[in-house]
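What follows draws every value from the coordinates through simple rules; no lab data is involved. Note that the structure is a prediction, hence the values are computed from the model and not measured. Cβ coordinates were reconstructed from backbone atoms using ideal geometry, including for glycine residues, and neighbour counts include every protein chain displayed.
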């Protein structure tokens, strides 16, 4: 009965390829394993999953040839191992696959050959234990208008196997696994035959699909084994929901080691500075932001930026660097902003001051039945057992900003207000969402500004819907008052 090994993405090693029944019976030592002709690692960063493709040249004899594959002391998923014939596939056939009970973590292939001679085979599998992550270094110039940005990727190998001269591809994308590879790697040998083909179909399909859609051949991706002179470069290729970073040439990744490689080197990257008040995101403070855009115009290239840590410094003008912040960023698609929060700026003071409060549009209820509007001059008739049924509360605030820097600053403010609200301001307010108002303005260097607004909250009988209605108008004689800071 023929057993098919379903193809999978995994990292593994061939511990013995035996070329005759007699040698097979002797359980040939590891030293007799044919050398890998090539090996390719495709490493995902959203899950602990790596696809290994390795080729070897094997001499076959006409008839049945037993081959042995072992995953001992590695994190290979045995259900994902597949043997494929690259040369002379019409003359070679896998007759069966066996998992011997007396030799755990090993399988045998019986291959029927119609010729005597050499053939190239490819073994593919998934493994866990090989991961990668990105990190970045940004150094702003003294005037804080441009920055140099460097990106790096670091590969960690804890799979139990060393990969010499491996071609490496790093995949940015999200997949969902039915079973973790590390779990499958530890399945007892007696259980392997009971695993259904779809036990790990989720990750096999998702990972394999990304390579079916690959639009560049192996030579264009630097996978032909020709190492380029100089520092390693990373070739970037876009797919529909994945992005592949292919490192040119080859790298040896020993087990238990990590290796760091450059992925981005951009000079004179323009950025903007904004001061933001967004309590939901940054807490109750005005924070200073560096804002980059991930596109060609900003010299950051034409590919997404993977998750990673960004460390930011500034040239202090005295042949040194001032440390500003270290911040984790999430995946940045092409065209999106990179927003780095530098925290509160001690040179910019921000406070909220209530200037006035009042009530009007008061509705009264008489004996729990009749409603009438109360006249503000007090001439309204007051009935026995009357009570307030609704009113509008008015509150006028100023957002006072003192800019002690030597440059004008751009300020962005978001305030979330619950209830049925009318929001009035002379600063051209906009709605960020149905309860959040956004204001934008600027404050000149060494100036103080009062940014005024009024909140009218419709209460009880006067309230109809939980939302904010904007009115652009003058509040308390002026919407913006500016003076020199003292």
Order by neighbour count: 406, 255, fewest other Cβ atoms within 10 Å first, most last.
406, 255
Along its three principal axes, how long is the stretch 52-109 when you only count alpha carbons? Whole Å, largest extent first please.
32, 25, 17
Here FRET efficiency (C-beta to C-beta, residue 260 to residue 143, R₀ 30 Å, nearest 0.05) is 0.45
